[in-house]
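The values are calculated or read from the model by the stated rules, or taken from the named source; none is laboratory data. None of these values were measured; they are calculated from a predicted model. FYI the Cβ positions are ideal-geometry reconstructions off the backbone, even for glycines, and counts take in every protein chain you see.
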Amino acid sequence: MQLEDFVPELLARILQVLDHPRDLLSLIRASPHCFRVYAESPAIILSPILKNAILPDALHHALACVHLPSISSQTVPVAFLRDYFQYEPLAFPTDKTALTALCGLCLRTSHFVDDFSSRAMRALNLNSDAGQATASALSSTERARFQRAFFRYELYCRVFPVDHHARSRSLVPADEQFTEFIARMAPWEVEEVSCVHHYFTVLIGRFLDDLEDQFVEAVRTAPGFRHPILTDFLTDSPTPEPAKRRKIRRTTASGLKHDSFIPSSEPTQKDMDDRQSPADNANVVFVSNFDLYGLDLFSSDGRFRSPKYVSYVASLGSTLMYRLALGDKGQRRRIIQENTPVWRDFLPEALEHAPGTGPKTTMPDGIDDNHLSHPNLGYYRFKRSEEEIYFGILNASILSRPLRERAFVFWDADRILCPVVSDQLQKARRMDPERVHLQFDRYEGKSAEERLKGVRIPRVQMDRIVEEFGSLFESWRSIHHQLQAKMKRTGSGGTTRFALISKKPQQGLLYKPAQLQFDETLNGHRAVAHKWIGI
């Protein structure tokens with residue numbers, strides 16, 4: 001018997017008992033009859049499916065995301081947060097708009113829960129040979145912990161949104177974020193949310209690395225690309241006549257092929273082409289000064305600030321993260337370009353306002369019952385302090401990342417007690433700091449600007465690459481173009497760079513200038529242009 005043979009009433013009852021909205025989506029896409037039945041009464045069918053997919057211990061936090069009032073000012077929704085943290089009942093939505101929003105949140109969260117848990121299991125070296133207790137699918141309590149953490153993170157993003165009218169700002173400052181939200185949660189609950197933030201930042205970091213590789217490849221394959229070694233040899237050679245060179249194809253460690261040359265007795269046509277006239281050389285530029293071109297993401301300074309850029313993108317919530325995760329390379333590039341290079345106060349900055357000390361942690365009896373009202377066994381056994389404190393995200397708190405990578409606060413006791421898991425978590429807790437920084441610190445890697453040091457390409461190619469990879473963040477681009485126009489009007493000569501900072505400058509963002517060119521306010525930002533010496 002096929003689905004088309006069922007009467008609508010019976011088919012509607014069948015659809016209502018599905019475990020997840022994605023199962024419903026599959027059926028209504030595959031069967032016109034299912035689609036017609038669903039279209040007649042979407043709320044009646046979708047509501048029970050959502051209640052099946054969102055586990056009871058996580059439902060309150062999912063509903064809070066849907067019920068949150070619109071945030072349009074710097075005022076924290078105090079009454080709403082009070083009711084939320086006191087677990088006042090929240091009505092399950094009945095209208096189509098709210099149900100659709102809850103369905104989208106459920107679909108996105110399920111994707112991230114499955115992906116994060118799978119990555120964590122791989123980090124724990126779990127596989128089917130490790131035993132059923134370790135490599136099995138998530139238990140209902142494990143899934144509920146993951147769901148709850150993602151819903152709480154989403155709520156945090158929505159309660160403290162970005163201020164789109166000011167760079168480097170949130171509508172609510174970090175200290176108030178801590179007081180109004182984080183301080184109302186126990187440290188172990190906040191650690192679950194911090195694990196979600198870590199997961200998102202790792203994803204974004206990998207996408208940024210991919211984009212950086214695309215950028216470097218675009219430069220290296222640009223027509224007229226000049227490698228610094230070849231350029232130096234040609235320009236610095238004391239020989240009045242060009243020497244013939246024999247081309248040798250070499251393969252680098254990264255697999256990229258390039259041509260190198262060795263001297264010979266007679267010139268070749270390639271040598272003559274390389275020795276362009278002064279007029280031609282005037283149209284060739286060094287691939288440098290990325291901050292000037294709106295390529296902050298690929299600059300050396302931008303590499304230093306990239307953790308802030310990453311955190312900003314993660315703070316925009318699950319909708320954008322879902323688009324980023326499922327998009328192709330072109331879509332990901334566009335999303336990143338539209339949301340960099342900016343930063344703001346968010347969870348990492350809020351945790352900086354937490355007390356540095358706390359009472360000693362004591363593990364109660366019966367902790368292996370896996371109840372979601374208390375921490376899991378992994379929190380008690382492997383957290384990096386004997387005190388009950390909020391673990392940060394910035395600076396020295398990077399040492400917590402190996403544990404967060406392995407989702408140590410989500411697993412049931414039987415999985416934690418498995419020797420394979422216990423051993424891996426203990427190694428993560430004691431991981432050598434140098435190795436931690438090498439693996440997780442984005443400061444450690446070379447920027448695209450450093451990788452392309454000394455490279456030159458035609459100016460027209462540089463303009464094309466800037467157009468293809470430059471920031472599309474509207475406020476930044478507006479200031480960037482106004483600042484460039486101002487620099488042209490003032491006739492700034494020599495090598496000039498600029499930096500953009502908020503009205504309240506942050507320490508360490510600017511180098512000491514040799515000469516101040518001008519200082520004026522553009523669109524609520526203080527734009528500063530400096531003449532730089534030796535850059």
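Quick rundown of the values:
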quantity: Of all residues making up region 8-27, the number that are of a type outside the set (D, E, K, R), closer than 26 Å to Arg143 by Cα and part of a helix (DSSP H, G or I); calculated: 8
quantity: Neighbours by Cβ (under 9 Å, 6+ apart or cross-chain): first from region 375-399, under 16 Å from Lys427 (Cα atoms); second small (Gly, Ala, Ser) and part of a loop (DSSP other than H, G, I, E, B); calculated: Gly378/Ala407; Ser385/Gly358
quantity: Among the residues listed as Phe6, Phe35, the single one being of a type outside the set (Lys, Arg) and over 23 Å from Asp95 (Cβ atoms); calculated: Phe6
quantity: Those residues of region 446-468 which are of a type outside the set (A, V, I, L, M, F, W, C) and surrounded by 17 or more Cβ atoms within 10 Å (Cβ to Cβ), in sequence order; calculated: Ser447, Glu449, Arg451, Arg456, Pro458, Gln461
quantity: Residue match in region 342-360 (condition: surrounded by 14 or more Cβ atoms within 10 Å (Cβ to Cβ), out of contact with any Lys or Arg (no Cβ under 7 Å at 6 or more places or on another chain), closer than 26 Å to Leu105 by Cβ and among the β-branched types (Val, Ile, Thr)); calculated: no
quantity: Hits in region 387-401 - residues which are in a helix (DSSP H, G or I) and surrounded by fewer than 22 Cβ atoms within 10 Å (Cβ to Cβ); calculated: Asn395, Ala396, Ser397, Ile398, Leu399
quantity: Selection within region 60-70 - more than 16 Å from Tyr153 (Cβ to Cβ) and either of a type in the set (A, V, I, L, M, F, W, C) or surrounded by 13 or more Cβ atoms within 10 Å (Cβ to Cβ) (or both); calculated: His67
quantity: Long-range neighbours under 7 Å by Cβ, at least six apart or interchain, first residue without any contact (Cβ under 8 Å) to a residue 40 or more places away in the chain within region 106-121, second part of a helix (DSSP H, G or I) and polar (S, T, N, Q); calculated: Val113/Gln147
quantity: Filtered residue count, region 427-440, keeping only those that are surrounded by 13 or more Cβ atoms within 10 Å (Cβ to Cβ) and not in a helix (DSSP H, G or I); calculated: 1
quantity: Any pair with Cβ under 8 angstrom, 6 or more apart, that starts in region 307-324 at a residue that is at positive phi and ends at one that is not aliphatic (A, V, I, L, M); calculated: Gly317/Glu154; Gly317/Cys157; Gly317/Arg158
quantity: Where a residue in region 49-61 is under 9 Å from Arg148 (Cα atoms) and modelled with pLDDT of 95 or more and its partner, wherever it lies, is hydrophobic (A, V, I, L, M, F, W, C) and not in a helix (DSSP H, G or I), with Cβ under 8 Å and at least six apart; calculated: Asp57/Leu372; His60/Leu90
quantity: Test: residue in region 111-118 that is assigned to a helix (DSSP H, G or I), loosely packed, with under 14 Cβ neighbours inside 10 Å and modelled with pLDDT under 95; calculated: no
quantity: Which numbered condition Ser168 fails, given (1) surrounded by 15 or more Cβ atoms within 10 Å (Cβ to Cβ); (2) within 25 Å of Asn370 (Cα to Cα); (3) at pLDDT below 75; calculated: (2)
